[in-house]
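To keep things clear, I will list the structure first and then write my remarks on it.
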Amino acid sequence: MATKIRHLHRHHTSPVSESRTVQVIAIFLCLLFMALFLILPLWSVFIEAFAKGVGAYFSALANKDAQSAIRLTLLVAAVAVPLNVVFGVCASWAIAKFEFKGKALLITLIDLPFSVSPIISGMVYVLLFGAGSFLGPWLKSYGIEVLFALPGIILATIFVTFPFVARELIPLMQDQGTGDEEAALSLGANGWQTFWRVTVPNIRWGLLYGVLLCNARAMGEFGAVAVVSGRIRGQTTTIPLQVEILYNEYNGAAAFALASLLAMLALLTLVLKSFLEWRFGDELAATGRH
Amino acid sequence: MTSTTPKRDGWRLKQPSVIPGFGLTLGFTLAYFSLIVFIPLIALGIRSAGLGFDGFWKAATDPRVLGALRVSFVTALIAAGVNVIFGTLIAWVLVRYRFPGRRIFDAVVDLPFALPTAVAGIALTAIYAPNGIVGHWFPFRIAYTPIGIVIAMIFIGLPFVVRTIQPILEEVSREVEEASATLGASRFQTITRVILPSLTPAIMTGFALAFARGVGEYGSVIFIAGNIPFVSEIAPLLIYIRLQEFNYVGATVIAAVMLIISFAMLFIINLIQAWSRKRFGYGN
Amino acid sequence: MQVRIANVRKEFDRFPALHDVSLDINSGELIALLGPSGSGKTTLLRLIAGLEMPTAGKVFFGDIDASEKTVQERNIGFVFQHYALFRHMTILENVSFGLSVRPRATRPPAGEIRRRALELLDLVQLSGLEKRYPNQLSGGQRQRVALARALAIEPGVLLLDEPFGALDAQVRRELRKWLREMHDRTGHTTVFVTHDQEEALELADRLCVMSQGKIEQVGSPDTVYDQPTSPFVFGFIGESSELPVTVENGELWSGGRAIGVPAPDSKTGEARLFFRPHDVELVEHDASLAGVVTSSRRVGGTRRVELEIGGEGHKVEIDLPFDHPAGEKTRLAFRPKRWRLF
Ligand SMILES: Nc1ncnc2c1ncn2[C@@H]1O[C@H](COP(=O)(O)OP(=O)(O)OP(=O)(O)O)[C@@H](O)[C@H]1O
Ligand SMILES: [Mg+2]
């Protein structure tokens, strides 16, 4: 009997796998860890948002300052994301389609904003355009406010979301090589036609993927924007800043209501991202998912 | 536009190519990069250089600055350590085991990339506060103490570890494990002596990434931290406070110290990767 | 060690990869598993190793039922087609691995492990490379390290799965000779998988030809080559030509006439005639196979011509001396010297 059980047992576990018991324990540990650190926080956003009822939730969203924060966030993302897309496409075109000196250095430099604290990302603009600087007062004399105004917020957002599109496209376009473009050119297409009709279809899913991540970060950036915004209510507060203000005023339900918008954006981003990975996995870059 | 003129005989910026657009795209890339990232960072460098070594040293060794740096680095170190352990386990489970809901859990790992830090911060605070659904189970405080900071940094750093290890683990071939088994190694020996060592470069890279992210993190930490100087005040927050006080010199010094350290980390990460590629031939 | 495979069947998700396979492997012999892709060679090897468990049937090591033993306990040396070396270990560490993972009670002292590993590296002619990492070696060197690593645990059976499959022809030929010498020196019971028949014929004491999850024939290279027991083996080992014939009055007939080949022991009726292209003689008289040359090419020292026999488009190949004047459309008559009917 004992040998029979042993035999059956062996039958089901291969020598390069762990026993069922170990597997179950490991899976359970991981799920517990992820529940505590990832799922519970997300879930609590919605619980807290509706803590005072559905009415309070919607009136928090309808609040004038909340509305202006939403508008500002959309505006900032609408400027920052397209600029970073243009940059990402240009950078990956130059890097993937050509061999030139200093390429490796350029690739490393593009990742630089990832290793800079968001606070520092905002701070560099304070130093550049703030009171003691050379540029700030000069621009001010022409009536242009950068700091504590929209341009500063946009600059800081661009800084922190700068690498997203580029780092998705660079490995992808490097993998694809230059064969397709050379074929199109040899068939008489000009540069623009080649780009729009050959390159763009090849990279569209990777591009969408990069845009998704870039947008999520752009709408949710907190530290860098906090430094340059000045938090003028109804004027220079983005959604995350407005969340902070409400939270610090002990208006938790309203803070979480607004936060739930960003959480939904995050969920949508994750769903789309997983869908792209599942459906077009081989048309995305294989490495460097951030 | 198609090619740049050779500057000297034998020296060329780029190899010849029939594809157009090199000058335009590289030019735009460099200009945009310089305006947005490079010049501002240089400005910071110049500002801190302007202090001179003595001034810099004096500001950097201010007790409160040292305290904040210590809090940031120690908590980030602990969080990265926890993340390495659980991140490796999660990567293992996701790559090796088949169970219902695996795809969903795989997707959830990326939540910290997608969820804005401020949202994560208030949510973590809510559940780990003394009256929160997790916090109230503990006899000691989690939120508003350094433990809270570690929790927030674990949240922020986890996907860096998992996503660095996952592809390398997928690459480990079954045959290598089978070879180990036929040579008499138990499953435990195979894991500890064959699989984990071959993951070491990835684990170290993941650790460095999670650590660097934790040190710089602001949004998710400040809500849960308590922000008491010398105890739970992190370096990025101190920079923020200095900026609010218009003490740009003080802010610049802390920022410079943090930048130097994070660039050192970046350098180390690149070294690890180059070294492991050269020696073990990973990634080719 | 003697290995006995008794009525083994293996299914993968209902797909039968092996049907009722039985094979005795004698102690100290070098046996080759030969067969087309997907015929179940690797599966059989992995069953012996314990990397897979049979759906039915048993594997015996000597008198012991191996299903009682885990992979770790079976003491087999397995060499994989793609080496499966440990990339983060030096060559010396790779070779020492099997000894160093033994439980304390049976583990030799560190110095002894090192000495034996170096000895094995010497045996596989890799002395001096012990400090290198696997990716600093060539394919042939890596495979020799893999072999040394497998030999280090003094295996009862050595199993090699297409050990030279990933190497170029030149290195293959060298390693083949070297493996044979090694085997003669160490005398391990060895099973190796290949789908290169030349390799199998040259190297093995016995061949085991497999097809579609079954063993077709087991025997010495000469037996298998000269007396194939099935059309599959005839076709798979060596060159062969095939022609439908009829047996009547103890003679072979094709296209309505006798071809001058007496077959007194064969059953009357339809049959398939198999012969090797080089086992033919050209003849002048009528009682022969005759055909028109449709193509001709030079193969080494001979000329291989394809003949069309009769009006039904049957084609066979025969070898001629390379200076034979036959060209396209030439008519040739020949008779197989050695042949088999199935
Ligand atoms: N793990 C598995 N799961 C499902 N089917 C398998 C598995 N391993 C092998 N098979 C199937 O079993 C059959 C025999 O495979 P096996 O690998 O033994 O062939 P082989 O003779 O070694 O072929 P090759 O010369 O190509 O290596 C094949 O049809 C294969 O598809
Ligand atoms: Mg095989």
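The values are calculated or read from the model by the stated rules, or taken from the named source; none is laboratory data. Treat the numbers as computed from the prediction; the structure is a model and nothing was measured. Cβ atoms come from the backbone with ideal geometry, glycine included; neighbour counts cover every protein chain shown. Heads up: the accessible areas ignore ligands, DNA and RNA and are worked out on the full protein's heavy atoms, side chains in. Shrake-Rupley method; radii C 1.70, N 1.55, O 1.52, S 1.80 Å.
Descriptive notes on the structure:
- Chain A, relative contact order in percent, only Cα pairs under 8 angstrom and at least six apart counted: 29
- Candidates B:Gly27, B:Gly250, B:Gly184: whichever shows maximal mean-square fluctuation once chain B is modelled as a Gaussian network with Cα springs under 10 Å: B:Gly27
- Dimensions of segment C:67-144 from C-alpha coordinates, computed as largest minus smallest value along each principal axis and given longest first, are 38, 30, 23 Å.
- Carbon-plus-sulfur accessible fraction, segment B:63-280 (probe radius 1.4 Å, protein heavy atoms only): 70%.
- Accessible area buried between chains A and B, both sides summed, probe 1.4 Å, in Å² to nearest 100: 8200
- Between A:Phe28 and B:Asp62, the modelled label-to-label distance comes to 5.2 nm, taking each label 7 Å out from Cα in the direction of the beta carbon.
- Within chain A, helices built from complete DSSP H runs that reach 24 Å or longer along their own axis (Cα positions) and carry a mean Kyte-Doolittle hydropathy of -1.0 or higher are A:64-97, A:200-220, A:252-280.
- Modelled label reach - B:Arg12, point 7 Å along Cα→Cβ, segment A:100-134 residues with backbone N closer than 14 Å: A:100-101
- The GNM of chain A, with springs linking C-alpha atoms under 10 angstrom apart, assigns the highest mean-square fluctuation among A:Gly191, A:Gly230, A:Gly88 to A:Gly191.
- Once the C-beta distance of A:Lys64 and A:Ser274 is scaled by a Förster radius of 25 Å, the resulting FRET efficiency is 0.10 to the nearest 0.05.
- Per residue, segment B:63-280 exposes 36 Å² of accessible surface when a 1.4 Å probe is rolled over the protein heavy atoms with every protein chain present.
- A 1.4 Å probe run over segment A:1-132, with the rest of the protein chains in place, finds 46 Å² accessible per residue.
- Of all complete DSSP H helices in chain C, those with a Cα span along the helix axis of 15 Å or greater and a mean Kyte-Doolittle hydropathy of -0.5 or more are C:110-123, C:139-152.
- Chain-alone versus full-assembly comparison, segment B:206-231, residues with accessible loss of at least 20 Å² (1.4 Å probe): B:Arg213, B:Gly216, B:Tyr218, B:Phe223
- Per the accessible-area calculation with a 1.4 Å probe, the total area buried between chain B and chain C rounds to 2100 Å².
- Annotation: peptides B:150-163, C:320-333, A:192-205, B:70-83, ranked by per-residue average of other Cβ atoms within 10 Å with the highest first, follow the order B:150-163, B:70-83, A:192-205, C:320-333.
- Overall, chain C carries a charge dipole of about 1340 debye about its Cα centre when +1 sits on the Cβ of Lys and Arg and -1 on the Cβ of Asp and Glu, all other atoms neutral.
- C:Lys337 contributes an accessible area of around 110 Å² to the protein surface, as traced by a 1.4 Å probe with all chains present.
- Cα gyration tensor shape for chain A, rounded if a/c is under 1.5, else prolate or oblate: oblate
- Trypsin sites (Lys or Arg not before Pro) lying in DSSP loop within segment B:81-146, provided at most 16 other Cβ fall within 10 Å: B:Arg98, B:Arg141
- Across B:Thr145, C:Thr190, C:Thr223, the residue with the most accessible area heads the list, and the full order at a 1.4 Å probe is C:Thr223, B:Thr145, C:Thr190.
- Over 25 Å (Cα to Cα) - which of C:Lys10/C:Lys177; B:Lys278/C:Lys131; A:Lys103/A:Lys273 fall in this group: C:Lys10/C:Lys177; A:Lys103/A:Lys273
- Residue-averaged 222 nm ellipticity for the protein assembly as shown, from DSSP H runs of 4+ at -39500 (n - 2.57), nearest 500: -17000 deg cm²/dmol
- Accessible surface, per residue, of segment C:185-342 when the full set of protein chains is kept, probe 1.4 Å, Å²: 50
- If you run the Gaussian network model on chain C, springs between alpha carbon atoms under 10 Å, then out of C:Gly57, C:Gly310, C:Gly301 the most flexible one is C:Gly301.
- Oblate is the label for chain B, because a/c, from the alpha-carbon gyration tensor with a ≥ b ≥ c as root eigenvalues, is 1.5 or above and a/b does not exceed b/c.
- P(r) tail fraction, segment A:44-177 - alpha-carbon pairs more than 21 Å apart, %: 60
- For segment B:237-254, a reduction of at least 40 Å² in accessible area between the chain on its own and the assembled protein chains (probe 1.4 Å) is found at B:Tyr240, B:Leu243, B:Tyr248.
- Cα shape, the protein assembly as shown, gyration tensor, a/c 1.5 rule: prolate
- Lys/Arg +1, Asp/Glu -1 at C-beta; segment C:1-146 dipole; positive extreme among C:Tyr83, C:Tyr133, C:Ala146: C:Tyr133
- Accessible carbon and sulfur surface of chain C relative to its total accessible area, %, 1.4 Å: 46
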